[in-house]
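Right, one structure below, let's go through it.
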Ligand code: UDP
Ligand code: MG
């Protein structure tokens, strides 16, 4: 993309029950937007089925700021699909993803745009520090990304969330990736091209509480692992080989005791251990298979990724770039 075509910017903000913070977010974002040198700019708020006043507040703001557009989901589909819907609808030469809770400072966007104009296709924010997040969350996130990198074929940057700028070309490639269990940051790494990081300090949530309880975080981590690696499948084979070797040693031991000693009635413990161990290995292996089969099943249903109840603020000529909510085709 040449410098002349780097003119329009889309900022995508996924929101789920963010009534306490959304006004402040709009305020901070519009302030930053006034410092951006570009011909066109749009703020796409994806309301992920909020049950509070988030959508109402967004609607009233869109009435006086024509750059605000809203994609209202029919129910909660999750953060990753909210981002996906935003990317599908965005028409900017650069597309920026930012959380609604102001943990990612909007001011960093200006630095991202500078890097993009220097020629990078992806500029992602890497957290130097994470304020106000529990030790457990920080430690588990670190451990997860280390593990993910060790088993995945493509490197996924550490301490990096979805706060990033990506060039139109990356967004177009993402739009051609129809997978259902989406792990957007991994998908962006998979695309490649020129990617760089900006270090920043992750702030505390401005207001409200996290929308990622442990259950959702685990599901998200599982998506990262199972959508980006088939190594766990090979793990089942490794378990099998280990248990077969142990079983063979056990058989030799049992035969020896039976033939050459007279203490062979004992050994209940050994039998129990063997049964429990092999049972455990089998269950883990079946579980791993289940994760992949579940994903194949999900893909085979060919359902739309998300259902949009309403598009607000998009121009008449814009919906051409929006996926048809039923067929998901552009
Ligand atoms: N979010 C969403 N749908 C969800 C959960 C979260 O759109 O089901 C949004 C949320 O409003 C926020 C962003 O995704 O803008 C990140 O969520 P959150 O701040 O709760 O996650 P955390 O920063 O605690 O990991
Ligand atoms: Mg947050």
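Each reported figure results from applying straightforward, stated rules to the coordinates on display, with no laboratory input. Computed from a predicted structure; not experimentally measured. Methodologically, a virtual Cβ is constructed for each residue, glycine included, from the backbone with ideal geometry; neighbour enumeration extends over all protein chains shown.
Sum -39500 (n - 2.57) across every DSSP H segment of at least 4 residues in the chain, then divide by the residue count to get the 222 nm mean residue ellipticity, nearest 500. Spell out each step's value before the answer.
Values: 10 runs with 157 residues, N = 330.
Using -39500 (n - 2.57) per qualifying helix, the result is -15500 deg cm²/dmol.
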Considering the Cα trace of segment 197-319, what is its radius of gyration and what is Dmax, both in angstroms?
-> 25.9, 89
Taking 54, 160, 230, 269 and counting other beta carbon atoms within 10 angstrom, the fewest-first order is 269, 230, 160, 54
If contacts are Cα pairs under 8 angstrom and at least 6 residues apart, what is the relative contact order of the chain in percent?
-> 22
Can you give the Rg and Dmax of segment 212-267 based on its C-alpha atoms, in angstrom?
-> 20.7, 61
Spread of Cα-to-Cα distances over 20 Å intervals beginning at zero, given as percent, for the chain | 28, 49, 15, 7, 1
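Once the mean 1/r over all distinct Cα pairs of segment 20-61 is inverted, what Kirkwood radius in angstroms do you read off? Write down the numbers at each step before the final one.
On the way: mean 1/r = 0.0864 Å⁻¹.
Hydrodynamic radius (Kirkwood, Cα only) of segment 20-61 equals 11.6 Å.
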How do the peptides 29-36, 46-53, 8-15, 164-171 rank, highest first, by the average count of neighbouring beta carbon atoms within 10 Å per residue?
-> 8-15, 164-171, 46-53, 29-36
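Compactness ratio of segment 1-85: Cα Rg over 2.2 N^0.38 Å, N = residue count? List each step's numbers first, then the result.
Values: Rg = 13.6 Å, N = 85, 2.2 N^0.38 = 11.9 Å.
Normalised Rg, Cα atoms only: 1.14.
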Rg and Dmax of segment 109-155, using alpha carbons, in Å: what are they?
-> 14.5, 38
Please give the contour-minus-distance gain from residue 134 to residue 217: 0.36 nm per residue of separation, less the Cα-Cα distance, rounded to one decimal in nm.
-> 28.5 nm
Assuming R0 = 45 Å, what is the FRET efficiency of residue 117 and residue 269, from their Cβ-Cβ distance, to the nearest 0.05?
-> 0.05
Quickly rank 72-83, 202-213 as a protection proxy: mean count of other C-beta atoms within 10 Å, highest first.
-> 72-83, 202-213
Compute the acute angle (0 to 90°) between the alpha-carbon long axis of helix 79-89 and the principal axis of greatest extent of the alpha-carbon atoms of the chain; round to the nearest 10°.
-> 40
Longest principal axis of the chain (C-alpha) makes with the long axis of helix 108-118 (C-alpha) an angle, in degrees to the nearest 10, of 90
Would you please state the base-10 log of I(q)/I(0) at q = 0.13, 0.19 1/Å for segment 37-142, with intensities from the Debye formula using one equal scatterer on every alpha carbon?
-> -0.62, -1.19
In a solvent-free Debye calculation with one equal scatterer on each Cα, what is log10 I(q)/I(0) for segment 252-308 at q = 0.17, 0.19 Å⁻¹, listed in the order of the q values?
-> -0.72, -0.79
Okay, which of segment 51-83 sit inside 12 Å, backbone N to the point 7 Å along the Cα-Cβ direction of residue 207?
-> 53-54
Say each of residue 41 and residue 248 gets a label point 7 Å from the Cα, pointing the same way as Cα to Cβ; how far apart are those two points in nm?
-> 6.8
Computed over the chain: longest principal axis from alpha-carbon atoms vs helix 135-151 long axis, angle to nearest 10 degrees, is 70
Top mean-square fluctuation among 163, 314, 147, Gaussian network model of the chain, C-alpha springs under 10 Å?
-> 147
PRE reach from residue 278 (point 7 Å along Cα→Cβ): which of segment 229-268 fall under 16 Å by backbone N?
-> 239-255, 268
